[in-house]
Amino acid sequence: MNIREKLDHELQSALDEFPEIVFSSDRLDEIREMQIRDTREMLRIQTAEKGIALRNFQVPGPGDAHAVRVRFYEPERRSGILPGFLWIHGGGYVSGSPEQDEPQIRRIVKETGCVVAAVDYRLAPEHPYPAPLEDCYTALKWMHEQANELGVDSNHIAIGGGSAGGGLAAGLSLLARDRKELKITFQLLLYPMLDDRNASHASDKLPDALFWTRHNNCFGWKSYLGCTPGTEGIPPYASPARAADLNGLPPSFIAVGDIDLLAEEDIQFARRLLQSGVPVELHVYPGAFHAFDVKVPEAGVSKRCGQAVVQALQRAFR
């Protein structure tokens with residue numbers, strides 16, 4: 001079966017508007033520059049949500065060795081403390097920036113009344129694991145330690161992200177659980193990269209996936225891990241699907257399309273969370289490819305996913 005035959009009809013436009021990107025070491029700088037230009041153009045033409053203020057922070061890391069940039073979004077008119085949401089952008093661990101997700105971030109602030117801290121973590125392969133994850137931990141710890149100054153309710157801090165950002169969020173939940181320094185209320189994982197061992201097809205009938213292929217997936221994992229994906233000894237904080245114990249993780253939301261390369265690993269992770277007694281809400285969207293909600297936000301399936309995300313956060317922040 002041709003994977004395009006299963007594609008949601010409203011997502012068909014993406015096939016022409018978004019050409020396939022093939023990641024490679026010699027093209028990585030070019031791809032990053034292209035994404036920066038696209039993000040700048042998006043920010044230039046978008047209509048920003050009114051009533052939302054933006055501040056930028058440089059958060060010192062351990063020993064002040066590395067400062068992590070954090071974009072902090074909050075309602076302009078606010079009273080009292082608000083729940084917080086740490087957002088981690090995607091990009092296969094090798095590209096991307098917080099700015100690329102600004103429309104979604106602003107919508108979350110507007111519709112949930114929370115504040116959002118979007119972390120600009122270091123990218124692989126220049127900075128492999130654990131650098132990106134430790135940057136996310138630094139931002140999360142900052143939110144907790146500066147909660148009073150930021151007007152954040154430290155008892156209601158959630159984390160989340162898409163693709164590699166979802167994988168980092170899942171790893172961050174494991175890390176925070178085991179370090180026992182910080183509390184996470186909720187984790188929101190959108191088509192997360194969870195398993196470096198995934199070299200399988202999207203399904204037996206679908207030989208590969210649109211936009212996020214096995215080639216790109218392997219390149220991202222190899223860059224992040226600094227070794228060949230699937231080898232022994234990869235820590236679960238780097239590849240959360242490898243974690244033997246999922247007990248004690250926060251309530252979770254997972255969304256993925258059924259023609260996403262990552263569908264099987266995401267569904268399996270949700271099943272294991274359930275088996276570990278962790279409340280989990282799983283959405284599998286028919287005919288949806290990787291990052292469908294970002295590439296075609298006007299599609300009905302994308303709007304349903306976006307609304308489910310907002311509602312999940314609203315419930316988590318009660």
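Tell me whether the stretch 64-106 comes out rounded, prolate or oblate; compute the Cα gyration tensor, take square roots of the eigenvalues as a ≥ b ≥ c, and use a/c under 1.5 as the rounded threshold.
Working: a/c = 2.77, a/b = 1.53, b/c = 1.81.
Oblate is the answer for the stretch 64-106, as a/c is 1.5 or above yet b/c matches or exceeds a/b.
Once you order the gyration tensor axes a ≥ b ≥ c over the Cα atoms, which shape class does the stretch 144-257 get: rounded for a/c under 1.5, otherwise prolate or oblate by comparing a/b with b/c?
prolate
Could you give me D for the stretch 248-302, from Stokes-Einstein at 37 °C and 0.692 mPa s, where the hydrodynamic radius is the Kirkwood radius over C-alpha pairs? Units µm² s⁻¹, please.
D, rounded to a whole number, is 278 µm²/s.
Just the Kirkwood number for the stretch 30-78, please: inverse of mean 1/r across all distinct Cα pairs, in Å, one decimal.
13.4 Å
Per 0.36 nm of contour for each residue apart, how much would the distance between Ser24 and Cys227 grow if the chain were fully extended, relative to their Cα-Cα spacing?
Between Ser24 and Cys227, full extension yields an extra 71.6 nm.
So what's the stretch 143-195 giving for Cα Rg divided by 2.2 N^0.38 Å, two decimals?
Normalised Rg, Cα atoms only: 1.19.
Taking 25 °C and 0.890 mPa s as the conditions, I'd like the Stokes-Einstein D for the stretch 4-53 in µm²/s, using the Kirkwood hydrodynamic radius from alpha carbon pairs.
Rounded to a whole number, D works out at 177 µm²/s.
What residue among Asp260, Asp195, Asp29 shows peak mean-square fluctuation when the chain is described by a Gaussian network model with Cα springs under 10 Å?
Asp29
Heavy atoms only, probe 1.4 Å: what % of the accessible area of the chain goes to carbon and sulfur, would you let me know?
50 percent
Assuming 1.306 mPa s and 10 °C, estimate D for the stretch 224-318 with Stokes-Einstein, Rh taken as the Kirkwood radius over Cα pairs, in µm²/s.
Reported coefficient: 107 µm²/s.
When each pair of different Cα atoms in the stretch 62-180 is counted once in the 1/r mean, what is the Kirkwood radius in angstroms, to one decimal? Provide the component values of the computation, followed by the final result.
Working: mean 1/r = 0.0696 Å⁻¹.
Its Kirkwood hydrodynamic radius stands at 14.4 Å.
Considering the Cα trace of the chain, what is its radius of gyration and what is Dmax, both in angstroms?
Over the chain's Cα set, Rg and Dmax evaluate to 18.3, 55 Å.
For the stretch 91-175, state which GluC sites (Glu not before Pro) are in a DSSP loop and have at most 16 other beta carbons lying within 10 Å of their beta carbon.
Taking the stretch 91-175 and a limit of 16 other Cβ atoms within 10 Å, the loop GluC sites (Glu not before Pro) found are Glu126.
Which of the residue pairs Lys50/Lys180; Lys50/Lys295; Lys110/Lys295; Lys6/Lys295 have a Cα-Cα distance greater than 28 Å in the structure shown?
Numbers: Lys50/Lys180 38 Å; Lys50/Lys295 23 Å; Lys110/Lys295 21 Å; Lys6/Lys295 17 Å.
Cα-Cα > 28 Å for Lys50/Lys180; rest within.
Just check the stretch 1-97 against the gyration tensor rule for me: Cα atoms, a ≥ b ≥ c as the square roots of the eigenvalues, rounded for a/c under 1.5, and otherwise prolate or oblate depending on whether a/b exceeds b/c. Each step should come with its number before you reach the end.
Values: a/c = 2.28, a/b = 1.46, b/c = 1.56.
Because a/c hits 1.5 or more and a/b fails to exceed b/c, the stretch 1-97 counts as oblate.
Please work out the average accessible area per residue across the stretch 42-161, using the 1.4 Å probe convention, and give it in Å².
Here the residues of the stretch 42-161 average 41 Å² of exposed surface.
Go through Lys50, Lys222 and list them by solvent-accessible area, largest first, probe radius 1.4 Å.
Final ranking, largest accessible area leading: Lys50, Lys222.
So for the pair Gln268, Arg78, with labels modelled 7 Å out along Cα→Cβ, what separation do we get in nm?
Computed distance between label sites Gln268 and Arg78 equals 4.0 nm.
Using the heavy atoms of the protein chains alone and a 1.4 angstrom probe, what is the accessible area of the stretch 215-318 per residue in square angstrom?
Accessible surface, normalised per residue, equals 39 Å².
The values are calculated or read from the model by the stated rules, or taken from the named source; none is laboratory data. Please read these numbers as outputs of a predicted model, since none were measured by experiment. Here the Cβ is made from the backbone with ideal geometry for all residues, glycine too, and neighbour counts use every protein chain on show. Each accessible area value is taken on the protein alone, full model and side chains, heavy atoms only, with ligands, DNA and RNA left out. Shrake-Rupley method; radii C 1.70, N 1.55, O 1.52, S 1.80 Å.
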